[in-house]
Each structure stands twice: as structure tokens, then as C-alpha cells.
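Values quoted throughout were computed directly from the atomic coordinates according to the rules given, and no laboratory measurement underlies them. Every value quoted in this text rests on a predicted model; they were computed, and no experiment measured them. Cβ placement follows ideal geometry from the backbone for every residue including glycine, while neighbour counts extend to all protein chains displayed.
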Amino acid sequence: MSCAFSKFKYSALGVRLYSNKVLGLFSTTHKRNYAVSTEEPLKKTPLYDFHVENGGKMVPFAGWSMPVQYSSLGVLASHLHTRENASLFDVSHMLQMRLTGRDRVSFLEKLVVADLEELPVDNSILSVFTNENGGIIDDTVICKHNDHIHIVSNAACADKDTTHIRKEINKFQQRGGDVNLKIIDDHALLALQGPKAASVLQELCDKDLSDFMFMTARHLNIKGFDCHVTRSGYTGEDGFEIGVPSPASVHLANLLLKYPSVQLAGLGARDSLRLEAGLCLYGHDLDETTTPVEAGLTWTIGKRRRKESDFLGAEHVIPQIKGGVMRRRIGFIVEGAPARENAEIYNNKDELIGKVTSGGPSPSLQKNIAMGYVKSGYHKLSTELQVKVRNRMQKAQVVKMPFVPTSIIWLKAIW
């Protein structure tokens, strides 16, 4: 999509102050994902030196050293550039896996809520891993191919995810099932996001991309490199996530940056973009005590899966679809200062009804937005709330998500 963000004017001082505000919120919000052990060195993606050479401000994130922004383009400018042009993100820290074996679909359906049996080949789907209580172990994007399943999940959950999957594989194999897991650690992952992403990628490919639909996947030859590409992303924009052999990752990044419409972007912009899109961040908006129904992710549970109820924790999740839940995830606009994670949410009678899970300034709206969980009944659109920020009550109102317009059909549909 291309939104009319150019009508907003920012002074140089305003941009600098805004970027500092976003960085402050980012460091607070993502504190639990930061590496805190001085004994374990931070992991580096294949593009680490490339980031440093290009002015990347490197920060610890989920055990990795990652760029939060670049000296040439602050968080605010990077965010707005993505909405109007295209930005290149290094997301190589994320866990990439390949599942093989004749029983791979039936195996994975025990662990996630998606209907993988009916998912067409070369299509992708957003899903969640659930535990025995129906809580969310992690969210994931699953790509189904003829001979394997490609899985991408969160860096912060990498150890937990692999331990869980391998444990279930062992049990499955003991029952005679045929499935195997391979961690893909020889490929970087680049996300090209924004309304101009498709036109840029088309110039580097030898195949016509006009019929490359959103949430589908292909193996593409990009300037001689065999890449696994999904048309998807975490920004609310059109875009592609490109799995490229690690030795070729810097070369591909430089090829993409030759186009004037493409700029580098870091974790700061990625977080504000996903928040505007109403997309969850694991460990904040989702965790193992939260079910898909509470999180507003009921749409990820396939109809057949609801009927068969054979995924982990289904006996807890399925009754919630009809019977309801005690709390729900909402999006809301906050007056005054930004509402940070764990800020308390109250009704207009000063009764505590929930808490904020993600929040910060919206560059597109020039307002403060947030997501959180409230008691059922307070989740309805236009409901007036209060949020305690710095020991002061600030007015808030429940609004429809995504917070900003989007051209992504499935993102429109889920809300």
C-alpha cells in the first residue's frame, strides 16, 4: 500500500527526538529479549560486518547482535520510508527449519492449529504451536512444499521450539511415524518490505512475479542465487522474506540497495511497523499462558482442526471458541504519553481490567497506540478506557486493528 504520509512535516529536531523516544520504548519493551549473560558472546548473523559498515547501531536482541537503526536513517524516517517505498531488514536471527518424511503433515498438525492437510502446495500460513493447556509456545509461518515443510519461528524461542519439536518427533518415531527435522543454519533471511518491494525484486529475478500471491512461497533464482522466497512479512505491507545462502547474503543486500527506493531498516522500525499492523510479538502479546482465542487468533484454527480437536491443548482451546474467554486482546489509542508494556488498564470506574502488552508512538498516525488484554466486555470498539502512565490516568479508546490502512487482504480479514 502507499499511504499519504508525506503530508506530515517533521523538523530535524523532531525526527531526532522522536527516534530517541522510540529507541527508549524499544529498549524497555524488549528488555526480556536482550542477552544478559556476559559469559555467552552474542551471536552474529552473516550480515553483521555489513551492518556495522553501513552505520548500524547494534544492540543485543534474543542472544544476537542486531541493528536497531542506522546512522543514515533514524527509526521514524525508516518507518515512513517502509510505508511508502521499500526497506531491507536482516531477520537472519529467526529460526528456520525444514521438516521432511512421509508423515510430516500429520506430525506437525499435532503441534500447530493450522489445517496443513488442506493447505495447497507452495502456500504459507501463520499458525501457533500450542502446549497441553492450549497456551501459545510460539507463533510461526509454515510453508508447505512438495517434499518438505519450511518453518520460520522466533529467535527468542529457538531453543524452546527445537526442544519441543524434537521431543515430539521422538515420540512420533517410536510409534512408527516417518518425520525428520533439520535446522537451516546455512541461509540468511532478508525481508524486503514495502509497496515498492515487488517492482524491485522483479528486476533481479528471471521469472515473472505478477502471479506470486501474498502468503505463497517459491524457489527463485535471484541473480544466480537459489533462494527460498515467501511473499509475506511483519510490517503490514506487501513484501518478501528471502532465504539466501549465507555467503551470498551481503552481495544480495548490496544489489537490493542499489535501487533508490530501498533503504536499510532495523529492529526499531520493524517493531513500530508491526504494532501499527496489529501483529503480535511473542513474549509480550503472546505467551504460554495465553490461548489463540484470547489473543484474537481464533482465525488461525482451521475448521477441520476445530472439528477433529487433535492438536495439543485442543480440549482447552476449542470450548473457548463457543463458550468465550475471560480476557481478550485489544488495540487502543492513548491520549498523552505512550503507554508501555505492563501499564495497567482501567475502566471509567477506576477498576483494574487489564494491562498493556505492546505500546508506543505511531509514526503514521502521529498518535500513541497500544495493544493489551482486558476483561471480556471491554473489548468492543469505541469502549472508553483509562491507562495508568507514570502514575497518572490517561484516556484511551478501543479501535479497530490494524491501526493503519493496509492492502493486505488477509490482514484486513482477521479483524
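Taking amide H positions as modeled 1.01 Å from N, with prolines and chain starts lacking one, the residues under 5 Å from VAL399 and 5 or more places away or on another chain are GLY331, PHE332, ILE333, SER382. Computed as a quarter of the hull surface, the mean projected area of the alpha carbon convex hull for the chain stands at 20.3 nm².
Along the axis of the charge dipole computed for the chain (Cβ charges of +1 for Lys and Arg, -1 for Asp and Glu, origin at the Cα centre), the listed residues GLY243, GLY278, VAL398 are led at the positive end by VAL398. Taking amide H as placed 1.01 Å from N in the peptide plane, ILE184 has its amide H under 5 Å from the amide H of GLN96, MET97, ARG98, each at least 5 places away in sequence or on another chain. Estimated at 0.36 nm per residue, the fully extended path between GLU132 and ASN146 surpasses their Cα-Cα distance by 2.1 nm. For the range 326-414, the convex hull spanned by the alpha carbon atoms encloses 90 Å³ per residue. Approximating the spin labels as points 7 Å out from Cα along Cα→Cβ, the GLN173-to-ASP226 distance works out to 2.5 nm. The tail of the calculated P(r) for the range 194-311 beyond 21 Å holds 52 percent of all Cα-Cα pairs.
Residue exposure proxy: ASP103, ASP211, ordered by other Cβ atoms within 10 angstrom of their Cβ from fewest to most, comes out as ASP211, ASP103.
Restricting the range 88-166 to GluC sites (Glu not before Pro) that sit in a DSSP loop and have at most 16 other Cβ atoms within 10 Å of their own Cβ leaves GLU117, GLU118, GLU132.
Legend: ranking of residues THR216, THR291 from fewest to most surrounding C-beta atoms inside 10 Å; resulting order THR216, THR291. Fully extending the segment from GLU203 to SER246 would add 13.3 nm, taking 0.36 nm per residue of separation and subtracting the current Cα-Cα distance. Counting only Cβ charges, +1 for Lys and Arg and -1 for Asp and Glu, the dipole size of the range 326-414 around its Cα centre is about 140 debye.
The trypsin sites (Lys or Arg not before Pro) of the range 336-415 that DSSP puts in a loop, and whose beta carbon has at most 13 other beta carbons within 10 Å, are LYS349, LYS380, ARG390, LYS400.
Across the range 326-414, the relative contact order, built from alpha-carbon pairs under 8 Å that are at least six residues apart, equals 34 percent. Projecting the Cα atoms of ALA337, VAL387, GLY377 onto the charge dipole of the range 250-407, computed from C-beta unit charges around the Cα centre, puts GLY377 farthest toward the positive end. The ranking of GLU341, GLU241, GLU308 from fewest to most other beta carbons within 10 Å of each one's beta carbon is GLU308, GLU341, GLU241. Couplings for the range 55-72, taken from phi via the Karplus curve 6.51 cos²θ - 1.76 cosθ + 1.60 with θ = phi - 60°, read x, x, 8, 8, 9, x, 8, 6, x, 10, 8, 10, x, 8, 6, 10, 5, 7 Hz in order; Gly and Pro are left as x. Taken about its Cα centre, the range 59-188 carries a charge dipole of about 280 debye when Lys and Arg each add +1 at the Cβ and Asp and Glu each add -1 at the Cβ. Applying both filters, DSSP loop and at most 11 other Cβ atoms within 10 Å, to the trypsin sites (Lys or Arg not before Pro) of the range 38-144 gives ARG102. One decimal place: the segment VAL121-LYS258 gains 46.0 nm when fully extended, by the rule 0.36 nm per residue minus the C-alpha distance.
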